[in-house]
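Comments concern the structure below.
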Amino acid sequence: MDPYEGMPEPVARAWERGLTSGRAAMSRRRLLRAASLAAGGTALAACGIPPAAGSKGGNGPDDTPDHSRKEKVLNFANWPLYIDVDEKDKKRRPTLDRFERESGIRVKYVEDVNDNNEFYGKIKPQLAAGQDTGRDLVCLSDWMAGRMIRQGWAQRLDPARLPHAVTNLEDRFRTAAQDPGRQFSYPWAGTACIVAYNKKATKGKRVTSVSQLLEDESLKGRISMLTEMTDTIGLTMLDMGVNSERFTDDDFDAAIARIQKAVDRKQIRRFTGNDYMDELNSGDIAACLAWAGDVVQLKLDNPDVEFAVPERGYLFGTDDLLVPAKARHQSNAEALIDFYYQPKEAAELAAWVNYICPVSGAQAEMEKIDKELAADPLVFPDASMIAKGKNFRPMSAKEEAKYEEKFSKLIGA
């Protein structure tokens, strides 16, 4: 059975090419709360990172034996459709195949991170018991990566084994609230939440702000916002002149009230996960909040789809690679991280997934692959785009529960 059967062709192609499967399938239930990548650039060890303790570099006592030298294997858990795939042979992953050939490490690549919370629940019993999860490398959204780091369930990385990563990580990714100094994680890709619209549906009108989404009468009943609390509330607060990195309970409540007003007057058609793509493509939704990677993909096949980076800012986050505690093959995992921080490999990956590339030098390599993508600020943000990127500030567990409850009532979840 074709999983894309019945979809409009541009949507089917976009979903197949981009990072969509897990996120779309879980929608609200996934609760992808992008927390806290601080903008700014501290260096690592000789670039700001302290040396890893001992030769293994664990989090806490270095008592986890690393079997990498004798066992040339690596178990890597990632999101579905989040790596380059050969267009003719879908079973081939060109960059990963190249890593295996060059390193001699056999990679068992599994796409079982369909949902941050679901995946965390799957591996938590082993982590809590001090056992190997069976995974040497995982890719999790920044807020979940931060949770694992705080709980002592991530291995401290050894910068001596990450020469390309230490050198080529772009400055704005070097400081992260969930992992100060990048001692435990490296970004696989950056994410951005922006405004998108179908210019045919808006009759040529540009839609560039949350204010238009919430208040423009010509868009009434034809706009959508996201079921992800941090993105929808964060962008709304930015539009209200509130810094999403330093907000109060009153600021949060004011954003909720503003959106509720639009709900009550039926300005908002609905709240969505990635399934906004179909309606944006057809024009049933005239404008919406959207994830940049989806928009890049959709624009390839539908010239009516446009995007805007709100003047007051957009929400920025990362999906991070980390080594779970008690993993058997940390050095092998570090070898793979370092491999993808070579500009050529990073460019090839970004050319397929179309999310923000965190690797310095990759843009020049992308020009050899796709000049249009190399110039796309949604993949390689320029100075103006970078300056507008804001995070949703870190939340305590109590705050998170309180805010999610209020947001769930707003969207009817």
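Debye calculation, C-alpha points only, no solvent: report log10 I(q)/I(0) for the stretch 219-283 at q = 0.16, 0.19, 0.24, 0.26 Å⁻¹, in the same order as the q values.
These q points yield log10 I(q)/I(0) values of -0.56, -0.75, -1.04, -1.13.
What is the gain in length, in nm to one decimal, between Arg98 and Glu399 on full extension, counting 0.36 nm per residue of separation less the C-alpha to C-alpha distance? Intermediate results must be reported in sequence, preceding the final value.
Working: separation 301, 0.36 × 301 = 108.36 nm, distance 4.44 nm.
Length gained, Arg98 through Glu399: 103.9 nm.
Please say if the stretch 302-345 is rounded, prolate or oblate, where rounded means a/c under 1.5 for a ≥ b ≥ c the square roots of the C-alpha gyration tensor eigenvalues, and otherwise the choice is prolate for a/b larger than b/c and oblate otherwise?
Here the stretch 302-345 falls in the prolate category.
Let me check something: with ligands and nucleic acids excluded, how do Ser384, Ser185 order by accessible area (1.4 Å probe), largest to smallest? The partial results should precede the final answer.
Details: Ser384 70, Ser185 0 Å².
Result, largest first: Ser384, Ser185.
Which shape class, rounded, prolate or oblate, goes with the stretch 180-329 when its Cα gyration tensor gives a ≥ b ≥ c as root eigenvalues, a/c under 1.5 marks rounded, and past that a/b bigger than b/c marks prolate? Provide the component values of the computation, followed by the final result.
Values: a/c = 2.32, a/b = 1.42, b/c = 1.64.
Oblate.
Determine the gain in length on full extension of the stretch Asp171-Ala257; use 0.36 nm per residue of separation and subtract their C-alpha separation, reporting nm with one decimal. Can you show the working numbers first?
Numbers: separation 86, 0.36 × 86 = 30.96 nm, distance 3.67 nm.
Between Asp171 and Ala257, full extension yields 27.3 nm more.
So, taking all protein chains as they sit and a 1.4 Å probe, how much accessible area belongs to Glu279, in Å² rounded to tens?
30 Å²
For the cross-link pairs Lys200/Lys409; Lys91/Lys344; Lys203/Lys266, which exceed 26 Å when the distance is taken from alpha carbon to alpha carbon?
Values: Lys200/Lys409 33 Å; Lys91/Lys344 21 Å; Lys203/Lys266 21 Å.
Check vs 26 Å cut-off fails for Lys200/Lys409.
Length gain on complete extension for the stretch Lys406 to Asp112, per 0.36 nm per residue less the alpha carbon to alpha carbon distance?
On the way: separation 294, 0.36 × 294 = 105.84 nm, distance 3.00 nm.
So the extension gain works out to 102.8 nm.
In this model, which of Lys220/Lys299; Lys88/Lys124; Lys261/Lys390 are farther than 31 Å apart at the alpha-carbon? Don't jump to the answer; show the numbers that get you there.
On the way: Lys220/Lys299 24 Å; Lys88/Lys124 38 Å; Lys261/Lys390 25 Å.
Long pairs (Cα-Cα over 31 Å): Lys88/Lys124.
Which ³J(HN,Hα) values in Hz, rounded to whole numbers, follow from the phi angles of the stretch 289-302 under the Karplus curve 6.51 cos²θ - 1.76 cosθ + 1.60, where θ = phi - 60° and Gly and Pro get x?
7, 8, 8, 4, x, 5, 5, 4, 5, 5, 5, 4, 10, 9
The values are calculated or read from the model by the stated rules, or taken from the named source; none is laboratory data. The shown structure was predicted, so the numbers you read here are calculated from the model rather than taken from an experiment. With ligands, DNA and RNA removed, areas are computed over all heavy atoms of the protein, side chains included. Shrake-Rupley method; radii C 1.70, N 1.55, O 1.52, S 1.80 Å.
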